[in-house]
Every structure is written in C-alpha cells, then in structure tokens.
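Before any comments, here is the structure.
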C-alpha cells in the first residue's frame with residue numbers, strides 16, 4: 001500500500017476553477033491520455049480538480065497502474081459520488097479493483113448510505129460474475145419492454161433510461177416475458193420507423209442472438225464480430241435478461257485478448273509500457289530463468305558428446321544454426337496454432353489432421369533447408385559425408401520442431417491450460433534440448 | 001487461373017428448392033461457416049443454390065481463398081445481381097478482388113447495363129481509396145441531413161435509406177452544410193427522443209469525431225476504441241462527408257491487425273490455416289532462408305575461433321544457452337515495443353527514454369542470469385575464472401539483446417517500415433550473430 005496520505009476533496013488546488021473550465025471542453029478520453037503523460041502527483045492534482053461526473057468518465061479510461069495509484073489516495077467520501085455517476089459496468093470494475101487493493105475501504109463504500117440504491121443492486125448482481133465472462137463485462141443499463149407494449153410506450157421507456165440514468169448509448173430495446181426472459185430485440189432504427197401504435201411482438205426480431213453470463217469474453221467478442229452485433233443481451237441459465245454488452249466492450253476485449261496472446265507468445269506480461277523498470281524485471285525474470293535452466297541442460301547435453309565434438313569440432317559450428325532453425329519453425333507453427341485456437345478457427349478435434357498437415361509442411365521445409373546446408377557445408381568443409389550428415393540432422397530437427405510447435409499448444413488446450421501461456425519460452429526451451437540431442441546423436445552415430 | 005469451367009445459374013442442382021428453404025432460416029454467417037467446412041465443389045454447389053440476396057450476404061463472410069475460388073467460377077451474369085444486392089463497401093471489396101483475379105471480367109461487370117446506377121457511382125468513389133485506409137473500408141450508405149431540417153424530415157431520410165437500399169444498421173444521421181461538409185451528428189437515440197419539430201442544429205452534437213479518407217485503418221479502429229464510437233464519418237480534405245465506418249468494420253480491422261502483428265512477429269503469413277500445405281511451405285520458406293543464412297554466418301563466426309574452442313571446448317557448451325537467452329530477452333523487448341507502436345501507446349519520439357529504460361531492465365536481467373550462470377559453471381567446471389568470464393559474457397549479451405530488441409522495431413518505424421514485419425526472424429538472426437561474436441570475443445580475449 002502507498003505511503004502517501006489519502007486525499008480529501010478539500011485538498012483542491014487554488015486555481016481549480018480555471019482547470020475545470022479547460023477540462024469541460026475536452027473529451028474524457030483525452031484528459032485521461034494527458035493524465036497518463038504527466039507524473040503521478042500532477043495526475044492526481046488534475047483528477048481532484050474536476051467534478052465527480054467527469055471523474056467517473058475518466059477513471060475507466062486510465063491505465064490500470066495509474067488508476068490504482070489514484071484509488072489508493074481517495075477516501076470513501078470521494079469515491080461514492082464518483083461511483084454514483086458511473087455506468088454500472090464501470091462501477092463494478094472499479095469496485096473489483098478496490099476490493100483487491102483495500103478490502104476494508106471497498107466495504108465502507110458499499111455500506112455508504114449515499115451510494116445510489118439502484119447502483120447498489122446492480123453491483124450486487126455484477127460482482128457475482130467472473131471478470132472475463134459476459135457477466136463480468138456487461139452493464140445493467142438496458143431497456144426491457146413487454147411484448148404487448150406499443151412503440152410509443154417503448155419510446156417512453158428509452159426516454160426514462162436515457163434521462164434518469166444519463167445513458168446515451170442505447171441501440172435497441174429488448175422484449176421480455178413476465179418472468180424477464182428474453183423474447184426478441186427491436187433496434188432503435190426499427191423503433192424509429194415503426195408506426196406509433198404497433199406492438200413490440202409485431203416488430204421485434206425473435207431470432208435475437210444472446211449469450212449466457214458465464215460465456216468467456218473472448219467468445220462474446222467473436223460472436224459480435226461474426227454476426228456484426230452492436231449490442232449483445234446477456235441472459236442467465238433460465239434465459240432471463242441480466243444485462244447487455246455493447247460494441248465498446250467488444251473493442252476493449254479484442255484489444256485486451258490480442259495483447260494477451262502476443263505477450264504470452266513472447267513470455268512477457270501485459271501493460272508493460274506503463275510499469276516501472278523494477279516491476280518489468282521482476283515479471284520477465286521467471287520466464288528467463290526457465291530458459292536459463294533449459295540452456296544449462298543444453299550445455300549438459302553437449303558435454304556428454306565432448307569426445308565426439310573434440311574429434312569433429314566443426315560439428316559444433318553448426319549447433320547455433322540447427323537450433324536456431326528449429327526454434328524458428330517451431331515458433332511459426334505454434335503461432336499459427338495459438339492464433340487459430342484463440343479465434344476459434346481451429347479446434348482440438350482438428351488435432352490429427354492439423355499435425356498431419358504440419359508434418360508434411362515440416363518435412364518440406366526441412367528438406368529445403370537441408371539441401372542448402374548440404375551444398376554450403378560440402379563446399380566449405382570439402383567433405384560430402386560431413387555435409388550429408390549435418391543436412392540429414394537439420395532435416396530431422398526441422399521436421400520435429402514443426403510438429404512440436406503445433407502439438408504443444410494443442411496439447412495444452414486439450415488439458416485445459418492456456419495454449420498461448422506456455423508456448424513461448426517453454427516451447428523454445430524444450431525444443432532446443434530435443435533438437436540439440438537429435439543433432440548430436442546423429443553426428444555421433446554416423447560420423448565419429 | 002482455375003481450370004474448372006465457369007458456371008452459370010442454370011447449372012443449379014435439381015434439389016435446389018429444398019436447399020433454398022433450409023438456408024433461408026440460417027444466418028448468412030453460419031452458412032458461410034458451413035461452406036468453409038465442406039470441400040470446394042460442395043461449397044460452390046451450395047452457393048449456386050441460393051438467391052442473389054443471400055449470396056450477397058455470404059460472400060463477404062467467406063475466407064479469402066474460398067471466395068476467390070468461387071469468383072473464378074462465376075460469370076458476369078451471376079455477379080451483377082449479387083453486387084446489386086450488396087452494401088457498397090462489400091461490393092467495393094469484391095470488385096477489388098475481382099480486378100486482381102481477372103481484370104477483363106471486372107471491366108465487363110462494371111460496364112454491365114444491369115449494374116445499379118447508384119452502386120456504380122459508389123464504386124467509382126470507393127475504388128479510388130487504398131485498401132487499408134478509412135476510405136477503403138467505409139460504406140456509402142449514410143443519412144446526411146441539412147442543419148435546418150426538422151426531426152420529422154430527418155426520420156423520413158432514415159426511412160428512405162432503410163427501405164430503398166435495405167440498410168438495417170443506421171445508428172446516426174450526419175448534419176452537413178450546402179457543400180456537403182460535416183457539421184455535426186445526431187444519434188438515433190437523440191432523434192427518437194427529440195420533439196418532432198426540433199431542428200437538426202438544435203439537437204446535433206457539433207463535436208463529432210471524423211476521420212480523413214486517407215487515414216490508416218488501424219488508426220480508425222484505435223479512435224473508435226478510444227472514444228467508444230459506433231459509427232465514424234469519413235471526410236475528404238475539405239471536410240466533405242464521403243462515407244461512414246461502422247463498428248463491424250472496426251471489429252474486422254482489430255482482428256485483422258492483431259493477426260497481422262502476431263504473424264509477422266513469428267515470420268509467418270496470415271490466413272495460413274485455410275491455405276494448402278504447398279502454399280504454406282512457399283510462404284514460410286523465405287523467412288527461414290534468412291534465418292539459415294544468418295545461422296551459416298554464425299557457423300563462420302565460430303570457425304574463426306576454432307583454436308580457442310579447441311583449447312577450451314567447454315566454452316562451446318554454453319553457446320546455446322548464451323544465444324538462447326539473448327534471443328528470449330530480445331524477443332520480449334521487441335514484442336513490447338511492436339505492440340506499443342501498433343496501439344499508439346508508444347511513439348518514435350519516446351525512443352531515447354525507452355532505450356534508457358530497456359538498458360536498465362536489460363542490465364538487471366543480465367545480472368540476474370549471469371549470477372546463476374556463475375554459480376552453476378563454477379560448481380560444474382570447478383574453475384572460477386571460466387565461470388566468471390562466461391557469466392560476464394552472458395550479462396553483456398543479454399544487456400545488448402534487450403536494447404537491440406527495443407531498438408530495431410523503433411528504427412524500422414522511424415524509417416517508415418512496418419516494425420512488426422522485420423522484427424521476428426530478422427531480429428533473432430542479427431541478434432544471434434552479434435551475441436555469438438560478443439561471447440566468443442570475450443572468451444577468447446579473457447580466457448585463452
């Protein structure tokens with residue numbers, strides 16, 4: 001926990017009036033960007049100089065580490081008015097972060113009598129769901145109408161939500177039955193063009209695509225992309241409408257998941273740009289230690305072949321190229337498979353055909369590279385036998401690396417682990433050891 | 001070009017009535033998915049069994065290679081009705097693919113008297129823009145209204161577009177002046193809740209965020225995400241409204257760009273899952289040959305140190321670990337920088353502070369790893385001097401690799417190249433050579 005004292009709204013700087021005016025003309029996302037670029041104290045000063053409504057819009061736009069620094073400096077007197085101005089999904093995200101940072105403060109906030117009653121109920125519902133599920137990203141601000149309602153009545157419901165809760169991103173109304181179960185959807189365009197007296201069940205689209213609250217957020221984003229959805233209703237097991245996910249959530253999910261995949265492929269962490277050097281070192285070190293351990297195993301493998309290497313030192317010259325090529329093809333295969341699994345274009349049941357295809361590809365790639373090696377080594381070393389054996393070893397290592405690169409992520413997926421998680425440094429390390437052993441064994445058996 | 005004969009609508013299978021009925025109940029995206037899973041001839045049969053309206057919705061959803069196979073088999077009699085049913089952006093994308101596949105056929109289609117006049121004009125405008133710019137992804141179906149129009153008149157304009165051109169994804173109307181310059185935006189929610197007699201300039205949001213037609217599509221998607229935009233107006237240099245980009249385009253751009261970044265980081269190509277083995281081999285080989293050439297340079301470097309290696313063979317045991325670690329840290333740094341540049345969180349002007357931070361991180365990582373190496377090698381080899389030199393070499397290689405990993409993508413960005421493009425195998429290869437040279441030079445100078 002931060003050692004700085006918690007700040008109160010009364011700690012505002014003197015010239016806050018001017019600042020306030022300046023900020024009123026800027027988009028919250030731009031103010032957030034500015035805050036991200038100045039130092040932490042300055043960002044905090046700016047933040048305290050603006051009113052709760054704007055604070056509520058800025059907080060969700062900030063990077064996680066700056067937001068946490070700010071949360072650590074606020075009291076519940078400051079937090080409650082901000083939460084009251086937030087949309088329910090942003091409020092739930094903030095509460096979740098607060099619970100992780102300071103359990104007691106989070107409880108104080110939830111127990112505060114100034115917390116809006118409707119928001120409290122929404123938070124109760126939203127905080128029940130896992131972070132990265134449809135329920136975890138959905139908002140509770142939606143318009144639900146009965147099937148016998150007229151267009152005029154539905155418009156009144158839209159007005160009610162828009163004005164009472166200041167919601168400005170309504171794209172559709174949802175038609176539900178008496179138990180709140182989702183029956184259909186009427187887009188605002190449809191509502192605008194319908195005759196005033198028409199009933200909802202006359203104009204609704206009954207083939208509405210909805211998602212269960214426990215669906216993984218990545219799948220929700222994939223559905224939105226597949227069916228071009230601007231808003232996706234979220235339902236419970238009984239089909240009762242719980243909330244909605246909108247296109248801005250889909251943007252964020254897509255961004256987050258792509259960053260996650262990329263980071264994991266490289267064995268780094270996310271949000272690394274905004275973290276301190278020390279944290280970066282701490283987070284990158286474990287992966288590197290795995291790599292280091294693997295590298296030492298490699299050294300051990302090579303030392304077992306000391307006599308062979310002494311007899312044919314030139315074989316050691318080609319260790320880097322054989323291992324490097326194995327690493328390259330394995331990384332290519334793994335990337336293709338990890339991405340395919342992430343986007344749903346590839347399933348675990350495709351395992352066998354996939355591996356068969358990768359074997360063919362791997363064999364062809366290995367053959368191509370080994371022919372180049374054969375020519376180069378023969379010309380260089382003047383020994384056809386050495387060249388031939390090194391080329392064969394190269395072909396074997398590349399074929400094996402290609403198959404392994406495709407197999408490891410599929411295996412991880414199959415046992416329920418995240419395929420991207422382990423396939424970076426983990427794969428390259430195990431692959432190095434296997435490739436080096438194959439290479440040296442072949443050299444040792446065939447040449448010395 | 002495909003050897004199969006071009007097909008005519010009369011070549012329909014006998015049972016097409018039944019198929020048609022089955023498909024009418026399915027979502028176009030699902031039919032496209034099904035077509036993607038059967039073989040090409042079956043997909044073509046399915047495609048010909050449905051009417052032009054559904055064909056128009058399915059074609060944009062197909063993978064590129066299947067769509068091209070289908071295009072290669074259609075005549076312009078079949079293509080024109082399909083184009084007439086398409087939204088302008090999908091039609092423009094299709095025409096562009098057709099121009100690449102078969103210039104003459106594309107000209108036939110554009111000259112066909114049955115091609116809708118309005119669509120022809122839209123295509124003339126859309127085909128002028130680069131593929132991956134705002135102008136290249138925008139659609140021409142939008143509602144533009146004058147500033148003095150009333151709400152009632154604007155609703156009539158919406159109805160006009162919705163009914164005449166079957167557009168069902170209208171989220172806002174754009175307010176323009178006499179020259180067509182964008183003045184503001186009125187969301188459908190606003191329009192629905194306004195009084196019937198209110199004028200557009202009373203209810204419009206004048207701070208509308210628009211993009212120039214030549215803006216890179218990745219930036220358009222970043223803006224949509226930053227400002228939570230469901231629709232983004234596209235304007236020319238004079239501010240004249242040309243079209244609009246909607247959230248479904250943003251979904252596709254985000255997906256495409258993430259796949260591109262990931263593929264390039266690994267030196268593979270996109271859409272690799274749906275391509276034939278032979279094509280995959282052909283596309284992966286060039287990158288591997290770069291790696292192979294680099295690897296052979298490594299062999300050459302090692303051979304220059306033959307005498308030293310013969311004197312201290314154990315130094316060669318640690319070549320894989322030193323190079324592997326260098327590769328790991330470089331890859332981590334490069335991934336962080338490439339992703340930061342892609343999302344705009346990092347700019348070239350951040351070069352110096354970024355490199356300074358990476359140097360500190362690299363030094364710390366190098367120190368951590370070299371301490372482990374020192375202990376292990378000392379215990380194993382029993383020589384403090386050998387262990388010390390290998391550890392120092394390791395620290396140098398890791399520090400240098402970290403900085404290089406961050407520097408190369410920034411350099412590429414600065415000279416205008418794609419940072420992701422070259423930083424995979426290119427980086428690892430140049431890094432291997434540099435790292436190996438540093439390691440062997442240190443060993444040679446200090447130990448033998």
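Assorted remarks:
- Count - residues of region A:344-361 that are within 7 Å of chain B (Cβ to nearest Cβ) and either within 25 Å of the chain's Cα centre (by Cα) or crowded, with 24+ Cβ neighbours inside 10 Å (or both): 3
- Looking across A:264, A:190, one residue alone is crowded, with 18+ Cβ neighbours inside 10 Å, modelled with pLDDT under 85, in contact with a helix residue (DSSP H, G or I) (Cβ under 8 Å, 6 or more places away or on another chain) and at negative phi. It is A:264.
- Residue ID - nearest to residue B:391 (Cα to Cα), chosen from residues in region A:298-309 that are facing another protein chain (nearest Cβ under 9 Å) and touching a helix residue (DSSP H, G or I) at 6+ places or on another chain (Cβ under 6 Å): A:299
- Any chance residue A:154 is in contact (Cβ under 8 Å) with a residue 24 or more places away in the chain, surrounded by 17 or more Cβ atoms within 10 Å (Cβ to Cβ), out of contact with any strand residue (DSSP E or B) (no Cβ under 7 Å at 6 or more places or on another chain) and closer than 30 Å to residue A:205 by Cβ: no
- Odd one out for residue B:278, checked against (1) modelled with pLDDT of 95 or more; (2) in a helix (DSSP H, G or I): (1)
- Looking only at region B:139-151, and only at residues there that are within 22 Å of residue A:231 (Cβ to Cβ) and in contact with a strand residue (DSSP E or B) (Cβ under 7 Å, 6 or more places away or on another chain), the one that is nearest to the other protein chains (Cβ to nearest Cβ): B:143
- Set side by side, the residues A:37, A:73, A:6 differ, and just one is modelled with pLDDT under 85 and within 21 Å of residue A:83 (Cα to Cα), which is A:6.
- Of all the criteria given as (1) facing chain A (nearest Cβ under 8 Å); (2) outside any loop (DSSP other than H, G, I, E, B), the one not satisfied by residue B:333 is (1).
- Residue selected from region A:75-110 under the condition in contact (Cβ under 8 Å) with a residue 40 or more places away in the chain and over 28 Å from the mean Cα position of the chain (by Cα), by the criterion nearest to residue A:166 (Cα to Cα): A:78
Residue by residue, here is whether (1) more than 17 Å from residue B:245 (Cβ to Cβ); (2) in the same structural domain as residue B:65 (by TED's automatic domain parsing); (3) assigned to a helix (DSSP H, G or I); (4) in contact with a helix residue (DSSP H, G or I) (Cβ under 7 Å, 6 or more places away or on another chain) holds:
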| position | (1), (2), (3), (4) |
| --- | --- |
| B:97 | yes, yes, yes, yes |
| B:100 | yes, yes, yes, no |
| B:109 | yes, yes, yes, yes |
| B:113 | yes, yes, no, no |
| B:119 | yes, yes, yes, yes |
| B:152 | yes, no, yes, no |
| B:156 | yes, no, yes, no |
| B:159 | yes, no, yes, yes |
| B:170 | no, no, no, yes |
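- Selected residue (only one of B:186, B:234, B:220 is in a strand (DSSP E or B), in contact (Cβ under 8 Å) with a residue 60 or more places away in the chain and more than 8 Å from chain A (Cβ to nearest Cβ)): B:234
- Verdict on residue A:319 being modelled with pLDDT of 85 or more, at the interface with chain B (Cβ under 8 Å from one of its Cβ atoms) and surrounded by fewer than 22 Cβ atoms within 10 Å (Cβ to Cβ): no
- Residues in region B:168-183 that are surrounded by fewer than 18 Cβ atoms within 10 Å (Cβ to Cβ) and within 13 Å of chain A (Cβ to nearest Cβ): B:168 only.
- Annotation: of all residues in region A:193-217 being surrounded by 20 or more Cβ atoms within 10 Å (Cβ to Cβ) and either at the interface with another protein chain (Cβ under 10 Å from one of its Cβ atoms) or assigned to a helix (DSSP H, G or I) (or both), the one that is modelled with the highest pLDDT is A:200.
- Within region A:55-74, being closer than 18 Å to residue A:28 by Cβ, part of a loop (DSSP other than H, G, I, E, B) and touching a residue at least 40 places away in the same chain (Cβ under 8 Å) holds for one residue alone: A:63.
The values are calculated or read from the model by the stated rules, or taken from the named source; none is laboratory data. The structure presented is a predicted model; accordingly, all values stated were derived computationally and were not measured. Here the Cβ is made from the backbone with ideal geometry for all residues, glycine too, and neighbour counts use every protein chain on show.
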